1. If you take the square roots of the eigenvalues of the alpha-carbon gyration tensor of the stretch 28-178 and sort them as a ≥ b ≥ c, do you get rounded (a/c under 1.5), prolate (a/b over b/c) or oblate?
2. When the Karplus curve 6.51 cos²θ - 1.76 cosθ + 1.60 is applied with θ = phi - 60°, which whole-Hz ³J(HN,Hα) does each residue of the stretch 146-155 get, with x for Gly and Pro?
3. For the stretch 26-43, take each phi angle, set θ = phi - 60°, evaluate the Karplus expression 6.51 cos²θ - 1.76 cosθ + 1.60, and give the result in whole Hz per residue in order, putting x for glycine and proline.
4. Ignoring any ligand, DNA or RNA, what whole percent of the accessible area of the stretch 28-178 comes from carbon and sulfur when the probe is 1.4 angstrom?
5. With a cut-off of at most 14 other beta carbons within 10 Å, and DSSP calling the residue loop, which trypsin sites (Lys or Arg not before Pro) in the stretch 39-111 qualify? Please list them.
6. Can you run phi through the Karplus equation (6.51, -1.76, 1.60; θ = phi - 60°) for the stretch 51-60 and list ³J(HN,Hα) in whole Hz, with x for Gly and Pro?
7. When only C-alpha pairs under 8 Å and at least 6 residues apart count, what is the relative contact order of the stretch 57-150, in percent?
8. Beyond 21 Å between alpha-carbons counts as too far, so tell me which of Lys47/Lys169; Lys47/Lys98; Lys64/Lys169; Lys35/Lys146; Lys35/Lys148 fall in that bin.
Amino acid sequence: MGCAISGLEAKGEFGERTTEDAAATPSEPQIHMIKESWKVIRDDIAKVGIIMFVRLFETHPECKDVFFLFRDVEDLERLRTSRELRAHGLRVMSFIEKSVARLDQLERLEALALELGKSHYHYNAPPKYYSYVGAEFICAVRPILKEKCTSELEEAWKTLFQFVTGLMKRGYEEEGDRQRELAASPKERPDKRNTAI
């Protein structure tokens with residue numbers, strides 16, 4: 001089925017970082033490699049977005065459950081030509097582009113990833129799926145990067161995705177806590193209209 005890295009998440013090699021190393025960011029040499037490779041990748045972002053999601057649904061079909069529009073689509077060719085999938089792939093690639101642009105301003109990247117995690121709470125897209133996207137992205141860009149796709153470059157991208165997905169997970173959890181708090185608040189407060197004066 002193609003990419004050896006696709007199965008890595010299941011083995012824990014591409015999953016989210018633990019709490020103790022959640023702050024690990026790409027090193028300066030990794031940032032440079034990511035930015036240089038992005039210059040090549042960005043010319044094919046629509047293609048990469050589609051390949052990435054078709055592969056994601058192929059290797060992790062349970063991910064389709066998060067996407068209402070694609071939930072019942074079994075025909076991969078239909079997915080490859082789907083305008084909706086192309087649009088979603090472009091949104092994800094736009095996020096990756098913004099992440100790359102913010103590598104020199106980590107506080108802005110952190111804020112961006114936290115907000116994306118919070119919005120994913122409302123999309124009902126749980127964190128267990130986030131790390132799959134990074135693995136499929138790496139597989140999708142290999143043919144575009146050709147000989148420039150070294151193990152060091154893959155490791156750099158993997159580090160970036162682990163950093164971002166860790167922040168997204170935190171944002172998702174923070175939003176879940178906030179929503180539960182909001183839901184509980186009215187029940188715990190006495191109704192002022194019924195309070196005797």
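1. Details: a/c = 1.93, a/b = 1.08, b/c = 1.78.
Since a/c reaches 1.5 but b/c is at least a/b, the shape of the stretch 28-178 is classed as oblate.
2. So the J values, rounded to whole Hz, are 6, 5, 6, 7, 8, 5, 5, 5, 4, 5.
3. x, 6, 4, x, 5, 4, 4, 4, 4, 5, 5, 5, 4, 4, 7, 5, 4, 5
4. 51
5. The qualifying sites are Arg71.
6. Using θ = phi - 60°, the values come out as 4, 4, 6, 4, 5, 4, 6, 6, 8, 9 Hz.
7. Working: 24 pairs, mean separation 16.9, N = 94.
Over the stretch 57-150, the number comes to 18 percent.
8. Among Lys47/Lys169; Lys47/Lys98; Lys64/Lys169; Lys35/Lys146; Lys35/Lys148, the Cα-Cα distance tops 21 Å for Lys47/Lys169.
The values are calculated or read from the model by the stated rules, or taken from the named source; none is laboratory data. Given the structure is predicted, the values throughout are model-derived calculations rather than measurements. Ideal geometry is used to build each Cβ from the backbone, glycine not excepted, and the neighbour counts take in all protein chains shown. For the accessible areas, the whole protein counts, side chains as well, though only heavy atoms, and no ligand, DNA or RNA atoms are used. Shrake-Rupley method; radii C 1.70, N 1.55, O 1.52, S 1.80 Å.
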